[in-house]
1. Show me, for the range 33-45, the HN-Hα J-couplings you get by feeding each phi into the Karplus relation (A = 6.51, B = -1.76, C = 1.60, θ = phi - 60°), rounded to Hz, glycine and proline as x.
2. Tally Lys and Arg at +1 and Asp and Glu at -1 over the other residues with C-beta under 13 Å from the C-beta of LEU31: what net charge comes out?
3. For a quick check: sort MET1, MET50 by the number of other beta carbons within 10 angstrom, fewest at the front.
4. With a cut-off of at most 12 other beta carbons within 10 Å, and DSSP calling the residue loop, which GluC sites (Glu not before Pro) in the range 88-144 qualify? Please list them.
5. Assuming 0.36 nm per residue, please report the length gained on full extension of the stretch PHE55 to ALA15 beyond their Cα-Cα distance.
6. Using the 10 angstrom Cβ neighbour count as an exposure proxy, how do MET51, MET91 rank, fewest first?
7. Evaluate the distance, in nm, between pseudo-label points positioned 7 Å from the Cα of HIS126 and of ASP138 along their respective Cα→Cβ axes.
8. Give me the one-decimal nm value for the distance between modelled label points at ARG117 and ASP38, 7 Å along each residue's Cα-to-Cβ direction.
Amino acid sequence: MTEIAFHFNAPDKMAYACRFARKAQRSGARLVITGPADTLAVLDGMLWSMMPQDFVAHCRGDAEDELLQFSSVVLAVDVQQAPHQEMLLNMGDAVPEGFGSFDRLVEVVSATDEVDRNEARARWRHYASRGYAITRHDLVLKAD
């Protein structure tokens, strides 16, 4: 069964996603980041503009098959087309279609955006109602 974790109180979800991708890549994990196309486009630009020592090699889900197979971080609107199913980071407001094929799912929740927080609560209820155990990570407590 997919392990699900909510990382909540993120001051900047996009910056957090970049740090998360960097950490995943450095640990050797294979990560798929999903969300709306416009969100992924912004994230793509942010990943390309990171400092050289923090650079995260990645590709978009519509890249050539060979590049997809060698990329440990993939930005994909449709996770069912993802080349690997180790870890999924959801940047969208809905439960990702096909999340159950991944070993781990991480949901990032804003510290200040009440709409985002309410959508995250709905996703939490969805997972809990289906019997998934959910781990909570309060990013404010981690920063202290």
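Taken together, the values in this text are just the output of simple stated rules run on the coordinates, not laboratory data. Computed from a prediction, not measured in an experiment: that's the story for all the values here. A quick note on method: Cβ atoms are made from the backbone with ideal geometry, for glycine too, and the neighbour counts reach across all protein chains shown.
1. 10, 10, x, x, 4, 5, 5, 5, 5, 5, 4, 4, x
2. Around LEU31, the surrounding residues sum to +4.
3. By the 10 Å Cβ count, ascending: MET1, MET50.
4. GLU97
5. That pair, PHE55 and ALA15, stretches by 13.1 nm at full extension.
6. So the ranking, lowest neighbour count to highest, is MET51, MET91.
7. In this crude label model, HIS126 to ASP138 measures out at 2.6 nm.
8. 2.4
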